[in-house]
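The values are calculated or read from the model by the stated rules, or taken from the named source; none is laboratory data. All figures in this text were calculated on a predicted structure; none of them were measured in a lab. FYI the Cβ positions are ideal-geometry reconstructions off the backbone, even for glycines, and counts take in every protein chain you see.
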Amino acid sequence: MIEADAPAVLPGLSAPACRNADPALFFPAYGVPLSQVQITAAKELCTGCPVREECLAIAVRSDESDGIWGGTTPLERRRMRLQLARMRQGAELARAVVSGEEPQVLQALRPAVVHSLFRMGWNAERIGCALAMTSSQVDQARAMAARSQAFLALMERHYPKGWT
Ligand code: SF4
């Protein structure tokens with residue numbers, strides 16, 4: 001949640017939608033988890049917020065462990081950070097594959113590796129051969145990576161020089 005008196009994150013954007021909201025809606029009292037009702041209400045406000053993307057990027061980058069930021073809960077942001085880490089690992093593994101190595105690719109990292117190999121210009125058939133995957137497994141992995149890629153793109157837009 002961007003503070004009410006915070007400057008606009010990007011020039012030309014209007015104030016955060018939560019400017020006049022009850023802070024308790026976004027941040028739990030000490031030791032008390034947000035209720036589902038609070039989460040739903042806060043997320044509704046975030047949905048129409050003009051600085052939602054920026055708010056989310058800030059919270060993910062700083063590993064905010066409390067409150068609703070950019071329409072996400074702490075658990076959802078932890079998952080996003082995990083997705084980003086996997087995309088980064090996947091890119092490293094893809095580079096190893098392209099250079100002729102045969103790295104061990106864990107199941108969880110397959111979508112990220114497949115995605116990176118497509119970005120490097122490999123086609124589905126070549127990827128399938130390199131990673132011992134069927135064409136439907138390659139398609140499935142690519143689809144799974146699409147969501148992470150969208151989030152990665154958001155972070156790159158806001159932190160082009162890196163966010164870690
Ligand atoms: S996205 Fe949500 S928490 Fe962030 S500034 Fe907007 S309304 Fe506030």
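Only one of Gly162, Gly128, Gly121 is under 30 Å from Cys55 (Cβ atoms), small (Gly, Ala, Ser) and out of contact with any Cys (no Cβ under 6 Å at 6 or more places or on another chain). Can you tell me which? From the options Gly162, Gly128, Gly121, the qualifying one is Gly162.
Looking for something within 16 Å of the ligand (Cβ to nearest atom) and either assigned to a helix (DSSP H, G or I) or not aromatic (Phe, Trp, Tyr) (or both) - is there at least one such residue anywhere in segment 83-101?
No, there is no match, as no residue in segment 83-101 is within 16 Å of the ligand (Cβ to nearest atom) and either assigned to a helix (DSSP H, G or I) or not aromatic (Phe, Trp, Tyr) (or both).
Consider Leu109 carefully, then state whether it is within 20 Å of the chain's Cα centre (by Cα), assigned to a helix (DSSP H, G or I) and under 30 Å from Val51 (Cα atoms). For Leu109, the condition - within 20 Å of the chain's Cα centre (by Cα), assigned to a helix (DSSP H, G or I) and under 30 Å from Val51 (Cα atoms) - is not met. Filtering segment 22-42 to residues that are outside any loop (DSSP other than H, G, I, E, B) and more than 8 Å from the ligand (Cβ to nearest atom) leaves Pro23, Ala24, Leu25, Gln36, Val37, Gln38, Ile39, Thr40, Ala41.
With the structure loaded, tell me whether Ala8 is at pLDDT 85 or above, more than 10 Å from the ligand (Cβ to nearest atom) and aliphatic (A, V, I, L, M) or whether it fails that test. No. Within segment 44-73, the residues that satisfy the criterion of being surrounded by 16 or more Cβ atoms within 10 Å (Cβ to Cβ), in a helix (DSSP H, G or I), within 13 Å of the ligand (Cβ to nearest atom) and not hydrophobic (A, V, I, L, M, F, W, C) are Arg52, Glu53, Glu54.
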